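K.L.:
Structure in structure tokens, see below.
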Amino acid sequence: MSRLFMLLYSLIGPSLAGVGVIAVLTMGMVTLKPILVAAALGFALGLPAAWIVARRIADEAA
């Protein structure tokens, strides 16, 4: 499941980071700090999301 988790995180983390950055830019916050915080939060939120998805996929396969 570790490889599955890492594969999913490599897709989910950047996706959530991109959504966060786009949301921050849409709100008009164009300085570096809000953009970096949004990207970091997206990557951080990607960890539990990838773990949950990987666990559910592994449970279905078993």
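K.L.:
Could you tell me the relative contact order of the chain? Use alpha-carbon pairs under 8 Å, at least six residues apart, and round to a whole percent.
P.N.:
48 percent
K.L.:
Here's another thing I want to ask about it. Calculate the FRET efficiency for Leu25 and Trp51 from the Cβ-Cβ distance with a Förster distance of 35 Å, rounded to the nearest 0.05.
P.N.:
Computed FRET efficiency for Leu25 and Trp51 comes out at 0.80.
K.L.:
To continue, here is another question. Using the 2.2 N^0.38 Å rule of thumb for compact globular proteins, work out how the chain stacks up: its C-alpha Rg over that value, please.
P.N.:
1.32
K.L.:
Run the helix sum for the chain: -39,500 (n - 2.57) per DSSP H stretch of 4+ residues, divided by residue count, reported at 222 nm to the nearest 500 deg cm²/dmol. Please list the in-between numbers first.
P.N.:
On the way: 2 runs with 55 residues, N = 62.
Mean residue ellipticity at 222 nm (helix-derived): -32000 deg cm²/dmol.
K.L.:
Taking the Cα of Leu7, stepping 7 Å toward and past its beta carbon, and measuring to each backbone N in the range 19-62: which are under 16 Å?
P.N.:
Only 50-62 fall inside the zone, counting backbone N under 16 Å.
All of the numbers you see were taken from the coordinates with simple rules; none came from a lab. In this text the structure is predicted, and so the values were computed from the model without any measurement. Cβ coordinates were reconstructed from backbone atoms using ideal geometry, including for glycine residues, and neighbour counts include every protein chain displayed.
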